[in-house]
Amino acid sequence: MTVGEDTAGVDMDLVVIGLGYVGLPLVREACRAGLRVGGLDRDTRVIDGLAAGRSHIDDVSDGEVGEMLAAGFTPGTGPHLLAAARTMVICVPTPLSEEGGPDLTAVKGAAATIAPHLHPGDLVVLESTTYPGTTEEVLRPLLEEGSGLTAGTDFHLAFSPERIDPGNPHYGVANTPKIVGGLTEACAQAAAALYGKFVAQVVLAKGTREAEMAKLLENTYRHVNIALVNEMAVFCNELGIDLWDAIDCAATKPFGFQPFRPGPGVGGHCIPIDPNYLSYKVRSLGYPFRFVELAQEINDRMPRYIVERAQQLLNHHGKALKGARVLLLGVTYKADIADQRESPARPIVRRLARLGAELAYHDPYVPSWQVDGADVPAADGELAEALGRADLVLLLTGHTAYEPELLAEHAPLLFDARGHTRATGNPAIETL
């Protein structure tokens, strides 16, 4: 029996398909609003863990999963939960294919799962990030073919982009404005009524394509501006300019400027992935999206640049990278979370290994770590001891645990790719 099968036939206000970084926080807020929520996920380990009260993502605690279960949340792997559901929200992954375009396999699979259970008056919302036109051109025909119903006439169809920022202590599902674009005005109103039950502000887009584009615009904006400061970091180092100080100065302007800061690359699902959806759509029109493709090129080469700077730093202190003991601090893509998706630490490790460095890593959120199927050794002992044993320390993620004073005291040589230790003034520390 699949987890939750005994609830088949019990009315569900909402079923969320995909219980990852997007779907599970959505379930939590819907449960808090008093909705009876079901959740589908293909990973039986995820479902079994949730049924036992264990969370698998940073933003939802075990205690919150327990509260969700007490409120009637039913996780499962089979489509039985859809039998009596009137609203379905799709929150499945949309990675890039090997060719660099969007892989909509999971979205199509969710549509195939939902379609046989669609009834007149039901609402289907897609939250998974994708290129403009997906809701109408891909999801709609699959739902209509599998159900025999017509979207916009028999059932409601909408797109509402997820805006989850993992690890953000200030903004989550409930207090981040929710964009909704419907296939028809009635579709948009139905989706707005759903989200209005547990989100403070709902913003109506003109249609599904505008809602899809809004998400890509948000992340492409960040992608391009991160690439800008990353390229500036390269030539500012050559010019002897402290870019971090220049950014801090520019940020004092109360209008017309938003600070972005350089780093070892971009990570997570959104920034490294989402702009490629837009580029894919633009290329289908017969011309390149040069801004996005250039930004991707700049950000993709940052791991190589980080290794080159590390090698130069060792050389300056009379040491070779080959055979050097290099300790990486932080292998997640952002501070104080366990999410490793698209982390730039991986290409950095690959290049360091090819150049003969002896590698170890430390990350309080990652007890074990593999790159291309091979284990990367975790640092032994206390952090201070591990710092002292290294010939070079690479700070890639500025976790709170990495107190600048501790690093400055115990690391004999440190390259800081996050600006975490700038205030220490230690001459043995170099900043990107």
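List of remarks:
- In angstrom, the C-alpha Rg and Dmax of the chain are 23.6, 74.
- Accessible area per residue was computed with a 1.4 Å probe on protein heavy atoms; residue 273 scores about 10 Å².
- For residue 197, a cut-off of 26 angstrom between C-alpha atoms picks up these lysines, skipping any fewer than 8 places away in its own chain: 178, 206, 215.
- Taking every protein chain into account, the 1.4 Å probe leaves residue 137 with about 90 Å² of accessible area, to the nearest ten.
- For segment 1-151, convex hull volume per residue from C-alpha positions, Å³: 116 Å³
- Counting only aspartates and glutamates at least 8 places from residue 281 when in the same chain, those with an alpha carbon closer than 20 Å to its own are 98, 99, 103, 127, 136, 137, 162, 210, 212, 218, 293, 297.
- Size descriptors for segment 105-257 (Cα atoms only): Rg and Dmax, in that order, 20.3, 66 Å.
- Inter-label distance, residue 203 to residue 304: 3.7 nm, where each label sits 7 Å from its Cα along the C-beta direction.
- Those residues of segment 167-182 whose amide nitrogen sits under 14 Å from the label point placed on residue 61, 7 Å along Cα→Cβ: 169
- Given a 1.4 Å probe and the protein chains as shown, residue 108 ends up with an accessible area of around 110 Å².
- GNM top mover of 264, 95, 367 - the chain, alpha-carbon springs below 10 Å: 367
- Antiparallel DSSP beta bridges within the chain, percent to nearest 5: 10 percent
- The simple spin-label model puts a point 7 Å past each Cα toward its Cβ; for residue 405 and residue 43 those points are separated by 3.9 nm.
- A simple packing score, the average count of other Cβ atoms within 10 Å per residue, orders the peptides 18-28, 174-184 as 18-28, 174-184, with the highest score first.
- Between residue 69 and residue 165, the contour length at 0.36 nm per residue exceeds the Cα-Cα span by 32.2 nm.
- Computed FRET value (nearest 0.05) for residue 228 with residue 11, which takes r as the C-beta separation and R₀ as 45 Å: 0.30
- Burial ranking of peptide ranges 418-427, 357-366 (average Cβ count within 10 Å, highest at the top): 357-366, 418-427
- Working from the Cα coordinates of segment 68-181, the gyration tensor eigenvalues give, after taking √(5λ), semi-axes of 23, 20, 15 Å in decreasing order.
- The slack in the chain from residue 137 to residue 96, taken as 0.36 nm per residue of separation less the alpha-carbon distance, amounts to 12.9 nm.
- Subtracting the Cα-Cα distance of residue 246 and residue 384 from their residue separation scaled by 0.36 nm leaves 46.5 nm.
The values are calculated or read from the model by the stated rules, or taken from the named source; none is laboratory data. In this text, all values refer to a predicted model and were calculated from it rather than measured experimentally. Glycine also receives a Cβ, built like all others from the backbone with ideal geometry; neighbour counts cover every protein chain displayed. Accessible surface areas use protein heavy atoms only, side chains included; no ligands, DNA or RNA. Shrake-Rupley method; radii C 1.70, N 1.55, O 1.52, S 1.80 Å.
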